[in-house]
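Take a look at the structure below.
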């Protein structure tokens, strides 16, 4: 009887129980009254008959014996038939029975009307409350269908109906979450397309200009060689941009499954900076490595190495010739921290909160390399494996990026 958990149904069921009890008591009372009235009617009839017999000179003994007699005789039955007193005689022809019937029927009619009116009234009130509840629920569901989830279905009671409302609310919340996710995806795609077009516009314009110069000066080998080299640089930048965007989009879509396994930190760092050592030498910058060579870490070797490479590449972009980039790591009781520190230009306070946004380029980075995807990609890779990427920076003194991984799951 789970429906009794609901307040309205419980009240209505309690009313029906009280109503049935009251109606039973009314019928028992009516039966008692009817019995008493029948007794009075019978006694009245006997008194009338005794009075008549005594007036006719019948002795008291014979009269008393007549009322005590319980045997029927054919003569007595025929006598009453002659006077119109039989089983088929209509009750309205018998004045005492007619009066009693009128009283009984009137009481039954009034009682039936009273109880029926109470039952109909309370039932109508209950159904009206139910209808209002259903209309309110229908209105909320219509709002859900229109995409408005500001208000919820009634859920301040217990019972099967409110469990249904709670289930519909959960479904609406799921729809809201899905709608918000789709909206965010649309906005992300819109922003991504805008960013891609903006980032590709510059190298494409440069390629177009270089091609026109080469076409106009085909007989000038030094010029052709110079702008062919610049064309290759623009193509390399476009390739880097497209590859980085593809990686970011795969990470956002959850299409990349990190294959975490134990590896040494030194191997991880070597993989991350392998392609940057030559550049550092060409730019007269030094990459220092400081840490226990045998220290191990649980991570995806390829992707985490790329994240470290992006941090080192960012450090090279913002460090002048003669500068140093130090990669160090140490283990605490529950965490392994790997830092990439440089003594470059540092990050201005107003830029720190935006540094991990895609395509974000501070004013101080206007003349440096990069497309603004390395740091966001590194953050996505580290956090995708349950790690944390944070930074500390002092303008004019340098920046330190810190990768933190738990040593125990």
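Could you list, in sequence order, the residues of the stretch 394-409 that are assigned to a strand (DSSP E or B), touching a strand residue (DSSP E or B) at 6+ places or on another chain (Cβ under 7 Å) and at pLDDT below 90? If you could, list the steps in order and put the result at the bottom.
Narrowing the stretch 394-409 to residues assigned to a strand (DSSP E or B): 394, 398-406.
Remaining after also requiring touching a strand residue (DSSP E or B) at 6+ places or on another chain (Cβ under 7 Å): 398-406.
The answer is 406, and nothing else.
Would you confirm whether or not the stretch 186-198 contains a residue that is assigned by TED's automatic domain parsing to the domain that holds residue 310, closer than 23 Å to residue 375 by Cα and either assigned to a loop (DSSP other than H, G, I, E, B) or under 32 Å from the mean Cα position of the chain (by Cα) (or both)?
Here is the first cut: in the stretch 186-198, the ones assigned by TED's automatic domain parsing to the domain that holds residue 310 are none.
Scanning the stretch 186-198, I find no residue that is assigned by TED's automatic domain parsing to the domain that holds residue 310, closer than 23 Å to residue 375 by Cα and either assigned to a loop (DSSP other than H, G, I, E, B) or under 32 Å from the mean Cα position of the chain (by Cα) (or both), so the answer is no.
Count, please, the residues in the stretch 250-274 that happen to be in contact with a helix residue (DSSP H, G or I) (Cβ under 7 Å, 6 or more places away or on another chain) and assigned to a loop (DSSP other than H, G, I, E, B).
2
Please list, ordered by first then second residue, the pairs with beta carbon atoms under 7 Å, 6 or more apart or interchain, first in the stretch 331-357 and in the same structural domain as residue 289 (by TED's automatic domain parsing) and part of a strand (DSSP E or B), second at pLDDT 85 or above and loosely packed, with under 15 Cβ neighbours inside 10 Å.
335/406; 337/330
Of all the residues that make up the stretch 275-285, how many are part of a loop (DSSP other than H, G, I, E, B) and loosely packed, with under 11 Cβ neighbours inside 10 Å? So that I can check it myself, show each step before the final result.
From the stretch 275-285, those part of a loop (DSSP other than H, G, I, E, B) are 275-276, 283-285; that's our starting set.
So of that shortlist, the ones also loosely packed, with under 11 Cβ neighbours inside 10 Å come out as 284.
Selection size over the stretch 275-285: 1.
If only one of 196, 214 is in contact with a helix residue (DSSP H, G or I) (Cβ under 6 Å, 6 or more places away or on another chain), surrounded by 14 or more Cβ atoms within 10 Å (Cβ to Cβ) and over 30 Å from residue 136 (Cβ atoms), which one is it? Before you say what the answer is, go through the steps one by one.
Numbers: 196 fails: in contact with a helix residue (DSSP H, G or I) (Cβ under 6 Å, 6 or more places away or on another chain).
Unique residue meeting the criteria: 214.
The values are calculated or read from the model by the stated rules, or taken from the named source; none is laboratory data. Keep in mind it's a predicted model, so treat the numbers as computed, not measured. We place every Cβ from the backbone using ideal geometry, glycine too, and count neighbours over all the protein chains shown.
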